[in-house]
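The values are calculated or read from the model by the stated rules, or taken from the named source; none is laboratory data. Values in this document were obtained by computation on a predicted structure and should not be read as measured data. Every residue, glycine as well, gets a Cβ built from its backbone with ideal geometry; the counts of neighbours run over all protein chains shown. Surface areas here come from the heavy atoms of the whole protein model, side chains and all, with no ligands, DNA or RNA. Shrake-Rupley method; radii C 1.70, N 1.55, O 1.52, S 1.80 Å.
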Amino acid sequence: MKIAVLPGDGIGSEIMAQALRVLDRLGLPIERQEAPVGGAGYDAAGDPLPEATLALAREADAILFGAVGGWKYDTLPRAKRPEQAILGLRKHLGLFANLRPAQVYEELAGASALKPEVVAGLDILILRELTGDIYFGQPRGIQTIADGQREGFDTMRYTESEIRRIAHTGFQAAMKRGRKLCSVDKANVLETSQLWRDVVIEVAREYPQVELSHMYVDNCAMQLVRAPKQFDVIVTGNMFGDILSDEASMLTGSIGMLPSASLDANNKGLYEPIHGSAPDIAGKDIANPLATILSAAMMLRYSLDQAAAADRIEAAVKTVLKQGYRTADIHEAGAKKVGTREMGDAVVAAL
Ligand code: NAD
């Protein structure tokens, strides 16, 4: 198994170091190579996604990514900004499926903005289509219309094949979890959504073991804060998924806990914490490495077919939380406050 390790900027290298220690502890035959990306890529090669980094990512079975971005790059022209690296990797590698689990560990239920009983034990997965929809549909633009005022317009489009492939990813993810899939659309108003719903229903015939339901996006936004535990896997388009996945991430309380994956059609993927490079806390050994460690677990599960190893990492994270270890972002009175490296130590010890 070959992985590309792209730590990036800010806290990227600190959190990545801990994820690599955890992977090493498993003793699996994983070959890994590191390359600069984001601001580090710009510093090294004048490009946020240097050619050599992209080549490495193409060759690998999976990519473990830290985070990119930093104040010193904020004034660069858009094409040279660190964030372009992620967009470039998604595009060049055909990463069309974004998986974002939102899990609330019993011990952290108090950190959520919702009542603990609403979220305790929550374990849902939001699957967002990443390369189509109104974000990419043509035509788009701002034009001047007959009465002289400006009009802005975008086009929501999905082809049948785009819907079919994300639906398959959704059913397959549900098969690995609780076997429930909720497809979210706005079929009462949008033609694109009507096609979405029709195609998802067709694909469902191939997965009789999965219970399929449909929900309008406005209702889903409401249900996510009313009774989020009713969901197992949610599959939806790019724009609805953008909004719902951020909403779902806040059910859990801390951005430092949440991993994500972006997959291609062959389950090759890029794995990263959902948070950014946190320049405000970089270099202080206080960042929470658990989102990156859990991203490594997702990598083992979805791209490297090592479900047992993924289970071990997830169990180790649960153990350290039970033992009371907390980084500053999830700290509460009475818990053992630890830094980035000490949290890595605790997970390695639990393994
Ligand atoms: P951010 O996620 O980096 O930070 C938001 C807040 O959360 C900060 O206060 C930060 O200290 C805290 N935080 C984030 N991760 C944490 C962790 N692991 N442990 C403890 N606290 C943590 O978002 P931002 O401040 O809006 O952006 C900073 C930079 O990151 C920007 O340059 C932005 O463009 C970039 N960014 C990159 C990605 C990515 O690489 N995928 C995603 C989002 C933002």
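Values for this structure:
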{"quantity": "Counted residues, segment 91-100 - those being away from the ligand (no atom under 16 Å from the Cβ) and either within 12 Å of Met250 (Cα to Cα) or buried (at least 23 other Cβ atoms within 10 Å of the Cβ) (or both)", "calculated": "1"}
{"quantity": "Residue tally, condition more than 11 Å from the ligand (Cβ to nearest atom) and closer than 12 Å to Leu56 by Cβ, over segment 4-40", "calculated": "8"}
{"quantity": "Test set (1) surrounded by fewer than 18 Cβ atoms within 10 Å (Cβ to Cβ); (2) at pLDDT 95 or above; (3) away from the ligand (no atom under 16 Å from the Cβ) - Leu304 fails condition number", "calculated": "(1)"}
{"quantity": "Residue within segment 249-267 that is at positive phi, outside any helix (DSSP H, G or I), under 15 Å from the mean Cα position of the chain (by Cα) and more than 16 Å from the ligand (Cβ to nearest atom) present", "calculated": "yes"}
{"quantity": "Residue that is surrounded by the fewest Cβ atoms within 10 Å (Cβ to Cβ), among those in segment 146-167 that are in contact with a helix residue (DSSP H, G or I) (Cβ under 6 Å, 6 or more places away or on another chain), closer than 25 Å to Gly269 by Cβ and not aliphatic (A, V, I, L, M)", "calculated": "Glu160"}
{"quantity": "Near pairs, Cβ below 6 angstrom, 6+ apart or cross-chain, from segment 34-62 (farther than 17 Å from Ile86 by Cβ) to any residue that is of a type in the set (A, V, I, L, M, F, W, C) and open to solvent by 20 Å² or more (accessible area, probe 1.4 Å)", "calculated": "Asp61/Met1"}
{"quantity": "Where a residue in segment 264-286 is touching a residue at least 12 places away in the same chain (Cβ under 8 Å) and over 29 Å from Leu130 (Cα atoms) and its partner, wherever it lies, is open to solvent by 40 Å² or more (accessible area, probe 1.4 Å) and near the ligand (Cβ under 7 Å from one of its atoms), with Cβ under 9 Å and at least six apart", "calculated": "Ile281/Ala328; Ile281/Asp329; Ile286/Ala328; Ile286/Asp329"}
{"quantity": "Residue list for segment 268-283, filter: over 16 Å from Pro7 (Cα atoms) and more than 9 Å from the ligand (Cβ to nearest atom)", "calculated": "Lys268"}
{"quantity": "Helices (runs of 4 or more DSSP H) lying entirely in segment 105-215 (those with 3 or more residues that are charged (D, E, K, R))", "calculated": "160-175, 191-204"}
{"quantity": "Which numbered condition Ala265 fails, given (1) within 22 Å of Leu56 (Cα to Cα); (2) open to solvent by less than 50 Å² (accessible area, probe 1.4 Å)", "calculated": "(2)"}
{"quantity": "Residues that are farther than 27 Å from Ala204 by Cα and among the hydrophobic types (A, V, I, L, M, F, W, C), drawn from segment 226-260", "calculated": "Met250, Leu251, Ile255, Met257, Leu258"}
{"quantity": "Filter result for the condition that a residue is closer than 19 Å to Gly94 by Cα, hydrophobic (A, V, I, L, M, F, W, C) and open to solvent by less than 80 Å² (accessible area, probe 1.4 Å), over Leu130, Leu190, Leu181", "calculated": "Leu130"}
{"quantity": "Top-ranked residue of segment 53-90 - restricted to ones that are closer than 24 Å to Ile30 by Cα and open to solvent by 80 Å² or more (accessible area, probe 1.4 Å), ranked as farthest from the ligand (Cβ to nearest atom)", "calculated": "Glu59"}
{"quantity": "Boolean, Ala79 is free of Cβ contacts under 8 Å to residues at least 40 places away in the same chain, out of contact with any Gly (no Cβ under 7 Å at 6 or more places or on another chain) and among the hydrophobic types (A, V, I, L, M, F, W, C)", "calculated": "yes"}
{"quantity": "Residue check, Gln223 away from the ligand (no atom under 11 Å from the Cβ), in contact with a helix residue (DSSP H, G or I) (Cβ under 7 Å, 6 or more places away or on another chain) and free of Cβ contacts under 8 Å to residues at least 24 places away in the same chain", "calculated": "yes"}
{"quantity": "Failed item in (1) away from the ligand (no atom under 14 Å from the Cβ); (2) buried (at least 17 other Cβ atoms within 10 Å of the Cβ); (3) modelled with pLDDT of 95 or more, with Val104 passing the rest", "calculated": "(3)"}
